[in-house]
Amino acid sequence: MTAVATAERRFGGLGAATAGRRRVNGLVIYAISYLAFIYVPVMFLPLFSFNDSIYIAFPLKGFTFEWYHQMVNSRGLVQALQNSLKVAAIVSVLSTILGTLAAKAVTRYRMPGKAPAVGFILIPLVIPGIIVGIALLVIANVVGVPLSLYTIGIGHMLECTAFSMVVMISRLEGFDKNLEEASLDLGENAWSTFRRVTFPLAIPGLIASLLLTFTISFDEFILAFFLAGNEATLPIYIWSQLRFPTKLPSVLALGACILGVSFIVVTFAEWVRRRGVKGIQVKAVSEVPR
Amino acid sequence: MSERSIISISNVSKYFGPVRAVDGLSLEIQRGEFFSLLGPSGCGKTTLLRMLAGFEWPTKGEIFIDGQPMAAVPPHQRPVNMVFQNYAIFPHLNVRQNIAYGLRKAKLTQAETARKVNETLDMIKLSGYGLRAADELSGGERQRVALARALIKQPKVLLLDEPLGALDKKLREEMQLELRALQKTVGITFVFVTHDQEEALTMSDRVAVMSAGKVLQIDSPTQLYEAPVNQEVAGFIGNMNFFDGLVRAIKDGRATVDVGPLGEIHALVNGPHVSVGAAVTVAVRPEKITSFSAPPNTEANVVQGVLDKTAYFGDRSHLYIRIEGLEKPIAVVAHNVARELEGSGDLNRPVWLSWPAEAVVLLPSE
Amino acid sequence: MAERVAPVPAPVGKVRLGLTTRLRAVTLRSEPIRGYALLSPTLGLMILALALPIGLLITFSFWTQVYLDFDRSFTFGRYIKFFTNTEYSKFFESWYWISLALAIPLFVPAFPWKRRLGALLIVGYPAIAFYLIGLSVEKAIYPMLLWKSIKISGAVTLATVVLAYPMAYFIAFHVKKNKLIWLILITVPFWTSYLLRVFAWKIILGYNGVFNSGLMSLGLIEEPFMFLLYSQFAVVLTLAHAWAAFAILPIYVSLEKIDRSLLEAATDLGDGPVARFLRVTLPLSMPGVIAASLLVFIPTVGDYVTPNLVGGTTGIMIGNIIQSMFGKANNWPLGGASSVISMIAITALICAFLWLTKRMKRQIA
């Protein structure tokens, strides 16, 4: 049987299919090793955060919560975390508003100079952050604005608004301009059209934009490094801790926590999404009289 | 502006950069009529419709709806509603919510709204579909919802932008009749944009034929078909044979036209452009020509040629007759009355064609 | 009788509109006005917080630092300083090479008819030019660092994109269900702090790090490997890891957009899998590849965190120097000049890259 099967596979019409499967298998192996490349380094953070040794090296010494304990009791860390959350929350909301307005203008109106205007807004994406940071530092210095969380926020706004506009343009282009016209045609003015049609249809894009801009701002270091005053954001706090070997394990604990939280958030979002889809389907099936 | 006009378009132009989408166009649409804008794509008919709805603004000229100037009236305050080409059904709302969308401003009670929506659902024969999601509708159903959503607003004018274009042939023909009947029932003025001449002829009271941003002719379907004003209209609506000729003589309202290879053709005088010595284009519809396999005994125009090729359509055949000295063969429609399985299609056999003087339209030469 | 189309007489009299109505009409009619009204907050932010500061930075670069203050008279001094701060003062020699290298492409149009040779030249000349520039700037510290940054970022970009492409391809074409799960799997590690991601590699590659200590405790090596940390290799590896998601996502999106019937058409017209990939899939996914390249290249050129953490002295890049000029070295005008030069170099490079990919695409087609 096996011999026949092999012969058939070798000479028969199945040749192409098997070749195809073999190629896919190669890709699967590649994909898994790539995932390993992405994950393994990051996974050392949680691993060593429970290791009962100040040195980050094999072999593992034993299990401990000591570093988590240290982390929670660090005033600086908690303060930095609060600062980062504050900045990221405000920046993500404001930049998404600006990005949405700009995207609406770009996708819905014919106007001269549109391409240059869009290019101008996207500049923060094509200039290295260090130069933007320095430029803002220089002007703050010249104008006499003290460095603070606000200056960091302004820096983040530049990059986040550009990203938000890109996300929102693709979302707004994704649904028909006629839908908004239909709403105007049916007697709703510009604002209520936005509220009743554009906004509900743009929600996936808005969520994506908020998540993206929040993450960017929360994790941003290069700009913040130049623009921070006395109050540190989390990345700046981490940077200051990396120099002291004794502080390293609690930094690892912090990294593990961030990883854990983002994993929970993403899983939760995905769960909500799936439930949402299923919920709508169930509702639709049960409510429609046939 | 006449009393009966619901829409008056006065010398309106719309330029997109260097492109003149609508070019100095004027027309009047009467209250309660089914009016079609017919033309090839890019002729400006959709731009004109969108100017009526308020989505585009005229570069020049003025639009009046029910006597009111529209120069400063935004779309949401105009007494018109539109059925979009792709229907623009709100994907996040169900059928009922879609239909009731425009009622919010009317400040109705919930019961009133529900009653109105139910009535409209009945009218478009979709009762029972109210709770369906937008993406669960077929093309025809979407079209009905779009119609209902606009009609429930009781607009003075309903604008329809090629609403049947996305439907298959059979459904389209059904909807043509239904739309026509609906328009008569509700009595609202319909302005209907289409590139399908058959559709325009079937449904409309009057049709405006457009080309390159201008109106070529506004007339009833019969007039458009039987008495087109120029070659472009004649060629766009139905098929037409054209021959160049010179008017030789006019007598008792009948003209004798010299069409070189065909000899002398008799026709009725149909306008001041027909005068002795004038160059005209002789136009004859293929279905108005009768073909014979022997010389016919008749007073009408007769020419002789040979059968060049045929095309079979079941109920009819198109014959193409080659005439010595004529560039294009003459097209003739032969109705397949008898059940004939072979013969008659022998190419190169001699054929005699005949048509009465009444069948000829004389167009200004171009 | 046909109703000849004569212009309908204009309605009685010209319609008079009030001023407010007319104003309203203008705003209603004018899409540019409404569009720019929506754009204005964003444009305002960009002008105040980007154009103005960068303009000022450029102004700064023409000043001179005098201890804690500035001499505001206009001078090209900082720019000259940037190029002449050499160990052996080989300024003129280096400029000789640079101008020679830049002049070579001028002669290319002389042979437009030799397309194949042309293709070779398109790829070859920039390579030669870069090599010569590299040779010439070797002794000038700042240009050398800029050059090194560009080389390292180029290597990082190449590595990241080449590694990411098969992954994106796999998700786009071979994952049937659960594409989103794969995309999430790929992005989750990037939700940890960038600093910590970079730091993770320091843990791994360090002298007493995970890799060395692991190998030693397994008894495979006696002495820790020295070359792992504080090298250009470490910088490239770390950055290729840190920016992986930024390469996968755009490539995935452009692959996902490809109409599958095009692939079937290519097969139908006789292309095998390889030819089909090269002639259809790859060219159509180029927008994603370009986006990915830019998304990785631009931030990495200016990065100073990674070199600082895992690069040691050999891994120092232009970003570190610029940062120090605004920090410890306290020479803002020189820092400004370095920024401006870097910005120009990067912009020129991006333009060259876009031009090249465009030309390459035309050569293939």
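At q = 0.13 Å⁻¹, what base-10 log of I(q)/I(0) does the Debye formula yield for region B:239-364 when every alpha carbon is treated as an equal point scatterer in vacuo? Values returned for q = 0.13 Å⁻¹ are -0.53. Here, region C:144-220 is characterised by an Rg to Rh ratio of 1.10, where Rg is the alpha-carbon radius of gyration and Rh the Kirkwood radius. When B:LYS170, A:LYS247, B:LYS60 are compared by accessible area at a 1.4 angstrom probe, the order from most to least is B:LYS170, B:LYS60, A:LYS247.
Computed over all pairs of different Cα atoms, the Kirkwood value for the hydrodynamic radius of region C:225-348 is 17.3 Å. For A:TRP271 and B:GLU198, FRET efficiency with R0 = 45 Å and r from the beta-carbon atoms, rounded to 0.05? Efficiency, rounded to the nearest 0.05: 0.25.
Of the residues B:VAL303, A:VAL167, ranked by 1.4 Å probe accessible area with the largest first, the sequence reads A:VAL167, B:VAL303. Computed from Cα atoms, the angle from the helix B:169-186 axis to the main principal axis of chain B rounds to 60 degrees. The orientation-averaged projection of the convex hull spanning the C-alpha atoms of the protein assembly as shown amounts to 61.8 square nanometres.
Rolling a 1.4 Å probe over the protein heavy atoms leaves A:CYS257 with an accessible area of roughly 50 Å². How fast does region B:166-241 diffuse by Stokes-Einstein, in µm²/s, taking the Kirkwood radius from C-alpha pairs at 4 °C and 1.567 mPa s? Here the translational diffusion coefficient equals 97 µm²/s.
Report the net charge of residues surrounding C:LEU38, where surrounding means a beta-carbon distance below 12 angstrom and charges are Lys +1, Arg +1, Asp -1, Glu -1.
Taking every other residue near C:LEU38 into account, the sum is +3.
In this view, the solvent-accessible surface of B:ARG316, computed with a 1.4 Å probe and all protein chains in place, comes to about 70 Å². Close amide H pairs (under 5 Å, H built 1.01 Å from N) link B:VAL351 with B:GLY305, B:VAL306, B:LEU307, residues at least 5 positions away or on another chain. In whole angstrom, region B:5-235 maps to an equivalent ellipsoid with semi-axes of 30, 21, 16, each derived as √(5λ) from the alpha carbon gyration tensor and ordered largest first.
Volume per residue for region B:7-74 equals 85 cubic angstrom (convex hull of Cα atoms).
Shielding value for B:4-10 is 2, the average number of Cβ atoms from other chains within 10 Å of each residue's Cβ. Along the axis of the charge dipole computed for chain B (Cβ charges of +1 for Lys and Arg, -1 for Asp and Glu, origin at the Cα centre), the listed residues B:SER293, B:LEU93, B:GLN304 are led at the positive end by B:LEU93. Rolling a 1.4 Å probe over the protein chains gives B:PHE313 an accessible area of about 100 Å².
Calculate for the protein assembly as shown the 222 nm mean residue ellipticity that helices alone would give, adding -39,500 (n - 2.57) per DSSP H run of length 4 or more and normalising by residue count, nearest 500 deg cm²/dmol.
-17500 deg cm²/dmol
Projected label points at A:ARG75 and B:SER293, each 7 Å from Cα along the beta carbon direction, are separated by 11.4 nanometres. When only the Cβ of Lys, Arg, Asp and Glu is charged (+1, +1, -1, -1), the dipole of region B:5-235 relative to its Cα centre reaches about 920 debye.
Take the Cβ atoms of A:VAL126 and B:LEU131, set R0 to 35 Å, and the FRET efficiency comes out at 0.10.
Per residue, the convex hull spanned by the Cα atoms of chain A amounts to 293 cubic angstrom. Taking all protein chains together and a 1.4 Å probe, the residues B:GLU324, B:GLU56 rank B:GLU324, B:GLU56 from largest to smallest accessible area.
Work out the FRET efficiency for A:ALA190 and C:ARG279 from their Cβ-Cβ distance, taking R0 = 41 Å, and round it to the nearest 0.05.
It comes out at approximately 0.30.
Note on region B:96-137: Cα Rg divided by 2.2 N^0.38 Å, N the number of residues, gives 1.14.
Peptide C:58-67 has a mean of 1 when you count, residue by residue, the C-beta atoms of other protein chains within 10 Å of its C-beta. What distance in nm separates the simple spin-label points at C:ILE58 and A:LEU47, each placed 7 Å from Cα in the Cβ direction? Each label point lies 7 Å from its Cα, and together they span 5.0 nm.
The values are calculated or read from the model by the stated rules, or taken from the named source; none is laboratory data. Model, not experiment: these values are computed from the prediction. Here the Cβ is made from the backbone with ideal geometry for all residues, glycine too, and neighbour counts use every protein chain on show. Just the protein is used for accessible areas: all its heavy atoms, side chains included, with ligands, DNA and RNA removed. Shrake-Rupley method; radii C 1.70, N 1.55, O 1.52, S 1.80 Å.
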